[in-house]
1. HN-Hα J couplings of the stretch 85-93 from phi, Karplus 6.51/-1.76/1.60, θ = phi - 60°, integer Hz, Gly and Pro as x?
2. List the residues, sorted by chain then number, that are 5 or more residues from F135 or on another chain and whose placed amide H is less than 5 Å from its amide H.
3. Counting other Cβ atoms within 10 Å of each Cβ, which chymotrypsin sites (Phe, Trp or Tyr not before Pro) in the stretch 12-71 have at most 16 and sit in a DSSP loop?
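Computed from the coordinates by the stated procedures, all read-outs in this text should not be read as laboratory data. Here the structure is a predicted model, which is why all the values come from computation and not from measurement. A quick note on method: Cβ atoms are made from the backbone with ideal geometry, for glycine too, and the neighbour counts reach across all protein chains shown.
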Amino acid sequence: MSIKDEFATRNFSIYGQWLGILSMILCFALGIANFFNLFFHPLLIIFAIICLVSSFVILFLEVPLLLRICPTSSAFDAAIRRVSSNYLRAAVYATMALVQFLSILVANSSLIAAAIVLTFTAICYGLAGLKGQAFVGSKTLGGQGVAQMII
């Protein structure tokens with residue numbers, strides 16, 4: 001199944017997964033970019049670090065193949081695997097978005113872009129849960145049996 005076919009299924013968990021990848025890229029880039037606010041807004045560095053850490057959590061959350069490849073602790077693997085339903089994923093993304101929205105209290109920064117995309121991702125997973133759609137992982141990102149094909 002190609003990416004075009006996956007989007008044609010109208011499953012919001014697929015949309016959420018691809019928005020999650022976009023969120024991961026934005027969180028990584030903006031987390032690094034906001035380190036340069038060290039002299040202007042030192043408290044913003046904390047939110048930049050949280051954004052950077054969120055990008056790696058999203059990476060393992062959205063690309064399940066990496067849990068088999070990368071040497072991570074069993075506690076981390078169990079925590080990531082626990083976030084398997086659409087509602088839990090929506091809650092995780094909403095929490096990450098809320099933290100980034102709170103960065104506005106310190107200073108206006110580009111972290112708002114990450115917060116907005118994280119919010120859209122949470123909305124997609126929430127809609128998938130409300131519509132009763134089962135979580136479907138993209139084959140392109142290592143879902144639906146790709147990991148078993150490697151072993």
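1. Whole-Hz 3J(HN,Hα) from phi for the stretch 85-93: 8, 5, 5, 5, 5, 4, 5, 5, 5.
2. Amide H to amide H, under 5 Å and 5 or more residues apart or across chains, F135 pairs with N86.
3. In loop regions of the stretch 12-71 (DSSP not H, G, I, E or B), the sparsely surrounded chymotrypsin sites (Phe, Trp or Tyr not before Pro) are F39, F40.
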